[in-house]
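Working notes, structure below.
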Amino acid sequence: MKVLHSCHEAFAHAHHVRLEGQRLGFVPTMGALHEGHLALVRRSKEECDATAVSIFVNPTQFGPGEDYQQYPRTLEQDCQGLRDLGVDFVFVPTAQDLYPVGFSTYVHPPRVAEPLEGKFRPGHFRGVATVVLKLFHIIPATAAYFGRKDYQQLLVIRRMVEDLNVPIRIVDCPTVREADGLAMSSRNRYLSPQQRQAALCLWKALNAARERLASGEREGAALQRHMLDVLYDQGADRVDYAVVADPDTLEPLQEVDRTAIALIAAHVGKTRLIDNLLLEPSPPDEPN
Ligand code: AMP
């Protein structure tokens, strides 16, 4: 497995793969890899002839006071895991490579970037869209693999690729969870054993919404209140949002009469966690 640091080398490699008529799968990450990331890599390996992974903690998607400096960096371990999976090359640029002096062009993200994460992390999706578009130019893949764990990010990338005619197929992959339901995340490393237990509140709240819906509660606001109750009761220190929304636009739903998505961002100690779950309304009662 090649570990490439320069944009030029990464492009040359990717371009070569494509020129040979091979399908190239690409998995962009910020490293500190876990099974969630590896599932994306496995999916790419299944569907493509060659697989590239990028590892880059992107400064432009972190706000002031967020965890850019502390974000876990475990490059050697990450490379070992990727080598074991048979990845063809890993692209590890530096911030100076991607944002040299004078850098000043950004992607204005689509409308779906505005609510939820967009409200609580202003500028976040501008940074994400910009770096992903740059990476797509450096690694002109056939398909790129993203996790549903970051559901809004997935919608932002899909929309951007469509709006800007980027010829890369976006593949979404299910959220990989720990045995007890906690969504895997590089940020879970920040949690103390006690906080690790409290972090389950997101999964519990999402399931509580699903159960309430199954038992007949269709009012979006009531489901949201229920999620908030469960979150605070089960260990959240602060909740940024807990909403039931349209899965395409992310606008809150007054009534869950079709497929919806429940999304949560909550703080446990200093760690901010996100998770989501698709909700299907139960079929109306059969007339006797
Ligand atoms: P990150 O390194 O956090 O930027 O994530 C890189 C990619 O891995 C993104 O597409 C994430 O959505 C995806 N990802 C992160 N955690 C998970 C998970 N638990 N399950 C599935 N995909 C994930």
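The values are calculated or read from the model by the stated rules, or taken from the named source; none is laboratory data. Bear in mind that the values here come from a model prediction, so they are computed numbers and not experimental data. Every residue, glycine among them, receives a Cβ derived from its backbone with ideal geometry; neighbour counts consider all protein chains shown. Side chains are part of the model used for accessible areas, which takes the heavy atoms of the whole protein and leaves out ligands, DNA and RNA. Shrake-Rupley method; radii C 1.70, N 1.55, O 1.52, S 1.80 Å.
A few notes on this one:
- In the complete set of protein chains, residue-level accessible area for ASP97 is approximately 70 Å², probe 1.4 angstrom.
- Mean separation of Cα contacts under 8 Å (6+ apart) over length of segment 186-279, as relative contact order %: 30
- On Cα atoms only, tilt of 151-163 relative to the major axis of the chain in degrees: 50
- Share, in percent, of DSSP beta bridges within the chain that are antiparallel, nearest 5: 50
- Rg and Dmax of the chain, both derived from C-alpha coordinates alone, stand at 19.7, 72 Å.
- Nearest-0.05 FRET efficiency for ARG238 and VAL3, computed from C-beta distance (R0 51 Å): 0.85
- Considering only THR142, ALA12, GLY235, the residue lying farthest towards the positive end of the dipole of the chain is ALA12, judged by Cα position with unit charges set on Cβ.
- Crossing angle, helix 35-47 versus the chain [Cα axis fit, 0-90 degrees, rounded to tens]: 60
- Per atom type, segment 2-173 shows carbon and sulfur on 52% of its accessible surface, probed at 1.4 Å.
- Geometric descriptor of segment 137-194, per residue, is 106 Å³ (volume of the convex hull of the Cα atoms).
- For segment 36-112, size of Cβ-based charge dipole, Lys and Arg +1, Asp and Glu -1, in debye: 180
- Share of pairwise Cα separations in segment 2-173, more than 21 Å, in percent: 46
- Taken about its Cα centre, the chain carries a charge dipole of roughly 720 debye when the Cβ of each Lys and Arg holds +1 and the Cβ of each Asp and Glu holds -1.
- Extreme residue, positive dipole direction of the chain, given options PRO167, ALA179, GLY65 (C-beta unit charges): GLY65
- Within the assembled protein chains, the solvent-accessible surface assigned to HIS15 is about 80 Å², based on a 1.4 Å probe.
- Cβ charges +1 (Lys, Arg) and -1 (Asp, Glu), total dipole of segment 186-279, debye: 600
- Each Cα pair under 8 Å and six or more residues apart adds its separation to the average, and for the chain the resulting relative contact order is 17 percent.
- Dividing the helix sum by the residues of the chain, where each DSSP H run of 4 or more adds -39500 (n - 2.57), gives a mean residue ellipticity at 222 nm of -11000 deg cm²/dmol.
- For VAL239, the residues 5 or more places off, or on other chains, whose built amide H falls under 5 Å of its own are HIS267.
- Multiplying the residue separation of GLU211 and GLU47 by 0.36 nm and removing their Cα-Cα distance gives an extension gain of 55.5 nm.
- Cα lying deepest toward the dipole's positive end in the chain, options HIS124, GLN77, LEU200, charges on Cβ: GLN77
- Here segment 186-279 is treated as a Stokes sphere of Kirkwood radius computed over C-alpha pairs; at 25 °C and 0.890 mPa s its diffusion coefficient rounds to 186 µm²/s.
- Scattering curve values for segment 130-288, log₁₀ I(q)/I(0), Debye with Cα scatterers, q = 0.08, 0.13, 0.17 Å⁻¹: -0.28, -0.68, -1.01
- The angle separating the long axis of helix 7-19 from the principal Cα axis of greatest extent in the chain is about 90 degrees.
- Annotation for segment 47-97 versus segment 121-179: alpha-carbon center distance of 15 Å.
- For LEU4, residues with placed amide H under 5 Å, excluding near neighbours: VAL90, PHE91, VAL92
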